[in-house]
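The values are calculated or read from the model by the stated rules, or taken from the named source; none is laboratory data. All figures in this text were calculated on a predicted structure; none of them were measured in a lab. Cβ placement follows ideal geometry from the backbone for every residue including glycine, while neighbour counts extend to all protein chains displayed. These accessible areas exclude ligands, DNA and RNA; they are computed on the full protein's heavy atoms, side chains included. Shrake-Rupley method; radii C 1.70, N 1.55, O 1.52, S 1.80 Å.
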Amino acid sequence: MSGTAAGPGPAKRAWKLQEFVAHGAAVNCLALGHKSGRVLVTGGEDKKVNLWAVGKPNCIMSLSGHSTAIDCVRFGYTEEVVCAGSQSGALKIWDLEAARLVRTLTGHKAGVKCIDFHPYGDFLASGSSDTSLRLWDTRRKGCIFSYKGHTARVNSVKFSPDGQWIATAGQEA
């Protein structure tokens, strides 16, 4: 991870916090834990979801189960679970304490591009290349609603802080 910070005056200085090889192929996505800000999850072309402690160079846990590349990852708000969406259209949820896959959600007809957990409920929203937004009940293990409105890929999805709304951004020109 690296970036640039502007100091006083016109001079700029570059800084690097940490750099490490996260996957055996391209890294497609990452997310920081909401609660602690001390955990990082990455998803890659190698079909793996890797968990990291911020500031540590070694992977804490590698989660497998997807059959295609990972395009989006997200921690649940309590950091007890991680969800990853893949190019096949499947979503998988892992319990981090038990280090096991607990849920596979299917229904998208193309790759999942973005996901977000409801801020204080057992719901998950996902956007896909199939142009749909799906709302999932992670307890009932299924899609409870599919929203249409985009004419191209859904690139980003986000619940409002109160959990009442879902905003989406699409590929439309």
Handout entry: Positions within segment 132-150 being open to solvent by less than 30 Å² (accessible area, probe 1.4 Å) and among the polar types (S, T, N, Q), in sequence order
Key = S132, T138
Exercise for the section: May I ask you to list the residues in segment 151-169 that are open to solvent by 30 Å² or more (accessible area, probe 1.4 Å) and not acidic (D, E)? Expected result: T151, R153, N155, S156, K158, P161, Q164, W165, I166, A167, T168, A169
Problem - Tally, over segment 101-119, of residues that are assigned to a loop (DSSP other than H, G, I, E, B) and open to solvent by less than 60 Å² (accessible area, probe 1.4 Å) - result: 6
Exercise for the section: Inspect all residues belonging to segment 82-95 and state whether any of them is farther than 15 Å from A31 by Cα, open to solvent by less than 20 Å² (accessible area, probe 1.4 Å) and in contact with a Phe, Trp or Tyr (Cβ under 9 Å, 6 or more places away or on another chain). Expected result: yes
Problem - Residue satisfying all of: in segment 62-81; assigned to a strand (DSSP E or B) and more than 13 Å from A31 (Cβ to Cβ); most open to solvent (accessible area, probe 1.4 Å) among these - result: S62
Practice task
Quick one: which strands (runs of 3 or more DSSP E) lie wholly within segment 1-53 and hold at least 1 residues that are modelled with pLDDT of 85 or more and within 24 Å of A69 (Cα to Cα)?
Solution key: 27-32, 39-44, 49-53
Fill in the blank from the handout: When segment 34-61 is checked residue by residue, the ones that are surrounded by fewer than 20 Cβ atoms within 10 Å (Cβ to Cβ), small (G, A, S) and touching a residue at least 40 places away in the same chain (Cβ under 8 Å) are S36
Exercise for the section: Filter segment 98-131 for residues that are in contact with a His (Cβ under 7 Å, 6 or more places away or on another chain) and over 19 Å from C29 (Cβ atoms) and give the result. Expected result: T131
Problem - Odd one out for A98, checked against (1) open to solvent by less than 30 Å² (accessible area, probe 1.4 Å); (2) hydrophobic (A, V, I, L, M, F, W, C); (3) part of a loop (DSSP other than H, G, I, E, B) - result: (1)
